[in-house]
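One structure is given here, and the rest of the page talks about it.
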Amino acid sequence: MSIEEKLAQLVGYWVDQGDDLVAPMAGEMASSTRYEDASAHGIGHLTRVYGTRPVDPIERAAWLWGEQRRLVQETRLGIPAIVHEECLTGLAAWKAATFPTPLAWGAAFDPDLVDRMGRLIGESMRALGIHQGLAPVLDVIRDPRWGRVDECIGEDPYLVGVLGTAYVRGLQDAGVHATLKHFVGYSGSQAGRNHAPVHAGPRELADVFLPPFEMAVRDGGVRSVMNSYAEIDGMPVAATPAYLTDLLRAEWGFDGVVVSDYFSVAFLHTMHAVARDLGDAARLALEAGIDVELPTGDAFAGPLLDLVRSGGIDLEIIDRAVVRVLAQKDELGLLDATFDDAPTAVDLDSPAHREVARELAASSIVLLTNDGTLPLREPGRVAVIGPNGDSAEALMGCYSFANHVLAHHPGVPFGFEIPTFAAALSDALGEDRVLRAHGCDVEGDDRSGFDEAEAAARGADVAFVVVGDRAGLFGRGTVGEGNDAESLELPGVQRELIERVQATGTPVVLVVLSGRPYAIDGALTGERSVAAALQAFFPGEEGGTALVDIVTGRVSPSGRLPVSLPRSVGAQPYTYLHPFLGGPNEITSADSTPALPFGHGLSYTTFTHDEITAPTEAAAGAPLTVSVRVRNTGDRAGTDVVQLYARDVFASVTRPVAQLVAFARVPLEAGEEATVSFDVPPTRFAFTGRDGHRIVEPGDMELWVGPSCETREAETVVALTGPVHVVTPADARIASVAVRR
């Protein structure tokens with residue numbers, strides 16, 4: 001291969017970007033090189049062929065098949081391109097199904113369902129000639145002010161790792177390579193600001209940020225990883241071999257391809273200022289372990305070629321990346337592909353898609369409080385009030401095609417059905433029984449709709465006040481990439497709207513459709529508390545229907561909070577994984593206690609947990625079997641999320657006061673009971689010791705099961721014995737579960 005042919009395999013090209021810019025940096029970083037010239041020697045990736053603007057999938061597939069044939073037939077080496085797309089909430093393409101956002105996956109606590117979703121997404125992508133998906137996001141939530149929280153799964157690294165690994169398996173079983181984002185530390189940004197510096201220490205990185213990625217690499221067999229934009233203690237990840245080579249490849253054994261986050265190679269020059277120019281940025285990134293520059297070749301094309309010609313870079317580093325890319329293309333079957341027959345029909349939103357979308361949405365909805373108003377019992381007339389009650393956009397996350405791309409194309413239909421909550425409720429109850437009032441917008445201070453909202457509430461037996469977020473990018477919304485928050489109050493005048501409706505005396509059911517948790521505790525407790533409250537994290541195309549399934553009682557709620565519900569912005573950053581000094585105590589007047597804890601969620605039935613059993617002693621390096629009895633003590637069927645927590649009583653470094661070590665969704669009929677047994681691997685009790693190694697120390701380990709991290713309903717203590725166990729790659733990382741009825 002000539003040097004030009006090698007570099008061509010290391011870059012992407014955004015063939016369809018035009019003037020439809022989806023990010024503020026895209027315009028100034030856009031390549032001035034014509035595609036015909038850039039691909040004269042082949043090309044590594046085609047960037048977002050379907051996901052840049054609303055194009056008919058079949059027409060676009062015909063173009064793509066023709067372009068791949070051209071690369072095969074008219075370039076000297078005849079190597080096709082990898083096509084990559086976003087797929088965080090489904091394939092980000094026009095007319096494709098939109099699933100719940102990852103924060104909803106976390107609320108569902110259901111890896112099997114996430115696996116099914118990933119497989120369906122992968123099948124859609126593969127049918128359209130797409131080879132690589134830029135998902136899942138495995139960043140652990142550390143501060144809900146961060147705009148990208150809706151892309152994350154939760155604040156617990158084990159929950160993130162289990163569900164993220166399930167998504168990887170589903171997508172890759174369908175023949176599409178998953179891409180882990182964003183390796184590593186990105187969500188720990190200072191003050192919850194996008195691209196802000198990260199001040200995490202090595203222990204926080206090892207024990208919080210890295211475990212989900214390690215699980216997806218070792219247990220999920222992921223084939224691609226994307227670097228984080230972050231700079232950690234002054235060192236940009238994109239230029240740090242310690243993360244991208246020493247840890248990822250040498251220690252974990254990852255043998256896939258590392259792609260750059262969009263423009264992050266150039267950012268080494270323009271934002272981090274550790275590279276003198278784009279050629280220097282290319283050298284730093286390649287030396288660190290980045291193989292492919294996305295979305296274009298701003299640094300890896302012309303600037304890197306100039307550096308090669310001047311002798312400023314070792315050619316072996318370039319060859320290393322080229323071999324990895326060609327191996328990936330071979331693994332995907334591209335090197336033997338002929339691209340003879342483009343698809344003539346494809347269903348990107350089939351009944352199977354919608355079935356999983358509805359099931360996942362319903363499983364993710366969290367019942368926060370309830371005085372018995374829900375489920376509705378012959379309500380007479382109901383009012384649906386608020387900016388999100390009759391909004392389809394409010395059901396979808398930042399990386400949905402609708403909010404990510406169609407926001408630039410007003411008037412273009414979504415291309416799939418997405419009933420709003422108000423529409424779905426009208427279908428269920430009858431249009432004549434549902435009053436609608438907008439009340440106010442998500443943002444702004446316009447209160448002109450308050451009177452109409454009050455009138456609707458007074459004319460109803462129950463008022464649903466539906467508030468929350470509008471997902472978007474870089475200032476075009478209240479949550480999403482680049483939409484970071486200085487406050488955790490509901491945006492705009494939505495809190496005032498709730499209070500005005502409450503003042504009517506009509507029972508209020510608060511429904512929050514959002515991409516982050518908000519400080520809504522004032523509406524949940526006290527004399528003016530709402531009758532019931534539901535939290536739905538952008539539940540997708542079937543989210544409106546799933547909410548109606550919940551409020552009408554067709555489905556009993558089973559979602560659990562994957563992130564603590566904050567009381568105030570002043571208590572941030574907060575995580576339930578805090579040591580003693582990180583929580584409320586007698587030596588500070590500041591109370592960081594959340595309004596509702598991690599793992600909280602109510603049902604229309606009740607569950608009890610008892611008869612927890614575990615050995616009194618176990619070797620520190622051995623698996624631990626813990627069982628507990630769960631009983632449905634109510635009068636209707638429901639699904640419990642059995643949560644097993646642990647606390648290391650005394651350790652050589654400070655440890656969290658609670659840590660999730662296993663979980664299981666257990667459906668039970670009224671009066672039914674089951675015994676849930678967890679085989680917990682020693683890695684669930686491991687931490688980074690004083691010498692930097694991950695270890696399990698002997699000593700007492702408290703274990704409990706309860707309805708959240710805060711409540712110990714059934715508890716026991718196990719004494720871990722023997723020598724300190726140093727974690728090895730052979731150790732299991734995911735607890736296994738067995739349910740006996």
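With (1) closer than 23 Å to S556 by Cβ; (2) touching a Lys or Arg at 6+ places or on another chain (Cβ under 7 Å); (3) buried (at least 19 other Cβ atoms within 10 Å of the Cβ); (4) of a type in the set (A, V, I, L, M) as the list, and V666 as the residue in question, which single condition is left unmet?
(2)
Under the condition of being crowded, with 21+ Cβ neighbours inside 10 Å and part of a strand (DSSP E or B), which residue from the range 586-617 is nearest to the chain's Cα centre (by Cα)?
Among those that are crowded, with 21+ Cβ neighbours inside 10 Å and part of a strand (DSSP E or B), it is L596.
I'm checking my understanding of the structure. Among residues of the range 640-660 that are assigned to a strand (DSSP E or B) and under 23 Å from the mean Cα position of the chain (by Cα), which one is farthest from F580 (Cα to Cα)? Show your work before the answer.
So in the range 640-660, the residues assigned to a strand (DSSP E or B) come out as 640-648, 659-660.
Applying the additional criterion that residues be under 23 Å from the mean Cα position of the chain (by Cα) yields 640-645, 659-660.
On the way: D640: 29, V641: 26, V642: 25, Q643: 21, L644: 20, Y645: 16, Q659: 13, L660: 16 Å.
Ranking the qualifying residues of the range 640-660, first place goes to D640.
Okay, residues lined up against (1) modelled with pLDDT of 95 or more; (2) touching a helix residue (DSSP H, G or I) at 6+ places or on another chain (Cβ under 9 Å); (3) small (G, A, S); (4) closer than 15 Å to G154 by Cα:
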residue	(1), (2), (3), (4)
F183	yes, yes, no, no
G188	yes, yes, yes, yes
R193	yes, yes, no, no
A200	yes, yes, yes, no
A206	yes, no, yes, no
M215	yes, yes, no, no
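Give me a count of the residues in the range 640-670 that are touching a Pro at 6+ places or on another chain (Cβ under 7 Å) and under 14 Å from L624 (Cα atoms).
0
I need the helices (runs of 4 or more DSSP H) fully contained in the range 489-585, keeping only those with at least 1 residues that are surrounded by fewer than 20 Cβ atoms within 10 Å (Cβ to Cβ).
494-502, 521-524
Taking only the range 661-698 into account, find how many residues are in contact with a strand residue (DSSP E or B) (Cβ under 6 Å, 6 or more places away or on another chain) and part of a strand (DSSP E or B).
Of the residues in that region, 20 qualify.
Output the residues belonging to the range 434-447 that are surrounded by 16 or more Cβ atoms within 10 Å (Cβ to Cβ) and over 28 Å from the mean Cα position of the chain (by Cα).
V434, L435, R436, A437, H438, G439, C440
Is it the case that A732 is in contact (Cβ under 8 Å) with a residue 40 or more places away in the chain, assigned to a strand (DSSP E or B) and under 27 Å from T675 (Cα atoms)?
When the stated conditions are applied, A732 does not pass them.
In the range 549-565, which residues are out of contact with any Asp or Glu (no Cβ under 8 Å at 6 or more places or on another chain) and either of a type in the set (A, V, I, L, M, F, W, C) or over 18 Å from T605 (Cα atoms) (or both)?
Within the range 549-565, I550, V551, L561 meet the criteria.
Among the residues of the range 463-480, write down those that are surrounded by fewer than 21 Cβ atoms within 10 Å (Cβ to Cβ) and among the charged types (D, E, K, R).
R476
For the range 65-81, does any single residue satisfy the condition of being under 17 Å from the mean Cα position of the chain (by Cα), crowded, with 24+ Cβ neighbours inside 10 Å and not aromatic (F, W, Y)?
The answer is no, given that none of the residues of the range 65-81 is under 17 Å from the mean Cα position of the chain (by Cα), crowded, with 24+ Cβ neighbours inside 10 Å and not aromatic (F, W, Y).
Is it true that G468 is farther than 23 Å from Y604 by Cα, in the same structural domain as N388 (by TED's automatic domain parsing) and modelled with pLDDT under 95?
Criteria not met by G468.
Free of Cβ contacts under 8 Å to residues at least 40 places away in the same chain, buried (at least 21 other Cβ atoms within 10 Å of the Cβ), closer than 19 Å to A206 by Cα and in contact with a strand residue (DSSP E or B) (Cβ under 8 Å, 6 or more places away or on another chain) - does that describe any residue in the range 266-287?
No: zero hits.
Looking at this structure, is R655 among the basic types (K, R), in contact (Cβ under 8 Å) with a residue 12 or more places away in the chain and over 24 Å from E214 (Cα atoms)? Show your work before the answer.
Details: among the basic types (K, R): yes; in contact (Cβ under 8 Å) with a residue 12 or more places away in the chain: yes; over 24 Å from E214 (Cα atoms): no.
Here the answer is no, as R655 does not meet what is asked.
I'm trying to understand the selection: among the residues of the range 164-203, which are basic (K, R), buried (at least 18 other Cβ atoms within 10 Å of the Cβ) and not in a helix (DSSP H, G or I)?
K181
For the structure I just gave you, tell me whether V308 is outside the structural domain of E417 (by TED's automatic domain parsing), more than 29 Å from E59 (Cα to Cα), β-branched (V, I, T) and touching a helix residue (DSSP H, G or I) at 6+ places or on another chain (Cβ under 6 Å).
Against the criterion (outside the structural domain of E417 (by TED's automatic domain parsing), more than 29 Å from E59 (Cα to Cα), β-branched (V, I, T) and touching a helix residue (DSSP H, G or I) at 6+ places or on another chain (Cβ under 6 Å)), V308 qualifies.
Quick check: anything in the range 457-469 in a loop (DSSP other than H, G, I, E, B) and under 30 Å from the mean Cα position of the chain (by Cα)?
Within the range 457-469 (the criterion being in a loop (DSSP other than H, G, I, E, B) and under 30 Å from the mean Cα position of the chain (by Cα)), the answer is yes, since at least one residue qualifies.
Might you let me know whether the range 407-425 holds any residue that is touching a Lys or Arg at 6+ places or on another chain (Cβ under 9 Å), within 26 Å of L376 (Cα to Cα), crowded, with 18+ Cβ neighbours inside 10 Å and free of Cβ contacts under 8 Å to residues at least 24 places away in the same chain?
no
For the range 322-355, give me each residue that is under 31 Å from the mean Cα position of the chain (by Cα), more than 19 Å from G78 (Cα to Cα) and either of a type outside the set (A, V, I, L, M) or surrounded by 15 or more Cβ atoms within 10 Å (Cβ to Cβ) (or both).
P343, V346, D347, L348, D349, S350, P351, H353, R354, E355
Going through the range 700-723 one residue at a time, which ones are more than 28 Å from the chain's Cα centre (by Cα), surrounded by 15 or more Cβ atoms within 10 Å (Cβ to Cβ) and part of a loop (DSSP other than H, G, I, E, B)?
R712, E713
May I ask you to list the residues in the range 471-502 that are among the hydrophobic types (A, V, I, L, M, F, W, C) and either in contact with an Asp or Glu (Cβ under 8 Å, 6 or more places away or on another chain) or outside the structural domain of H438 (by TED's automatic domain parsing) (or both)?
Correct list: A471, L473, F474, V479, V493, V501.
The values are calculated or read from the model by the stated rules, or taken from the named source; none is laboratory data. What you see is a predicted model, and the numbers here were worked out from it, not measured in a lab. A quick note on method: Cβ atoms are made from the backbone with ideal geometry, for glycine too, and the neighbour counts reach across all protein chains shown.
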